[in-house]
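First the structure, in the form of structure tokens, and then the observations on it.
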Amino acid sequence: MKQTNLGLLIVRLSIAGLMLLHGVSKLISGLDILPEMLKDVGLPSFLAYGVYVGEVIAPLLMIIGFRTRLASMIFVINCLFAIFLVHSSEIFSLDGNGGWAIELLGLYLFGALALVFTGAGNYAVSTNNRWD
């Protein structure tokens, strides 16, 4: 018997739960050099606060299953910003063990992208909205 809804719950909890730890860390330690990095590429520095949306609010929504598809889109955008602002030199690189240099970020990105297409499943706070 397939347990698709349980599988989607596990994906939501693992992807969002692990990213939430990154977000909480940034809440505690601050944004460090992110505003300056954004200015260096011609973007307004206030966009740095978007990291809180992408790494705290979106993961919390994904965990509880409220507007999961929308929250996952925000999560994906957050991952893309991280890749292109911080890890762009590593996109086509392998690490010392032969793995993709940004494989963890790739797992976050593609896991969230899958949730954009599937939604949260039935084990969620909200299941009837098109963004769930």
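Checking every one of the trypsin sites (Lys or Arg not before Pro) in segment 16-92 against DSSP loop status and a limit of 12 other Cβ atoms within 10 Å picks out no site at all.
Stretching the chain fully between Ser88 and Ser25 yields a gain of 20.4 nm (0.36 nm per residue, less the alpha carbon separation). Entry note, the chain: the mean residue ellipticity at 222 nm calculated from DSSP H runs of n ≥ 4, each adding -39500 (n - 2.57), is -18500 deg cm²/dmol after division by the residues and rounding to the nearest 500.
Computed from point charges on the beta carbon alone (+1 for Lys and Arg, -1 for Asp and Glu), the dipole magnitude for the chain about its Cα centre is near 600 Debye. Just report the Cα centroid separation between segment 8-47 and segment 109-123, whole Å. Taking the Cα centre of segment 109-123 as reference, the centre of segment 8-47 is 19 Å away. Mean silhouette area of segment 1-42, derived from the convex hull of its C-alpha atoms and averaged over all directions, reads 4.3 nm². Note on Glu36 and Asn129: their simple-model spin labels are 3.9 nm apart, each label 7 Å out from Cα toward Cβ. Here Cα Rg over 2.2 N^0.38 Å was calculated from the structure, and among (1) 2.63; (2) 1.02; (3) 1.11 it sits at label (3).
Read the figures in this text as sums done on the coordinates, not as results from a lab. Predicted model, so just to flag it, every value in this text is computed and none were measured. Positions of Cβ are generated from backbone atoms using ideal geometry, with glycine treated the same way; all protein chains shown enter the neighbour counts.
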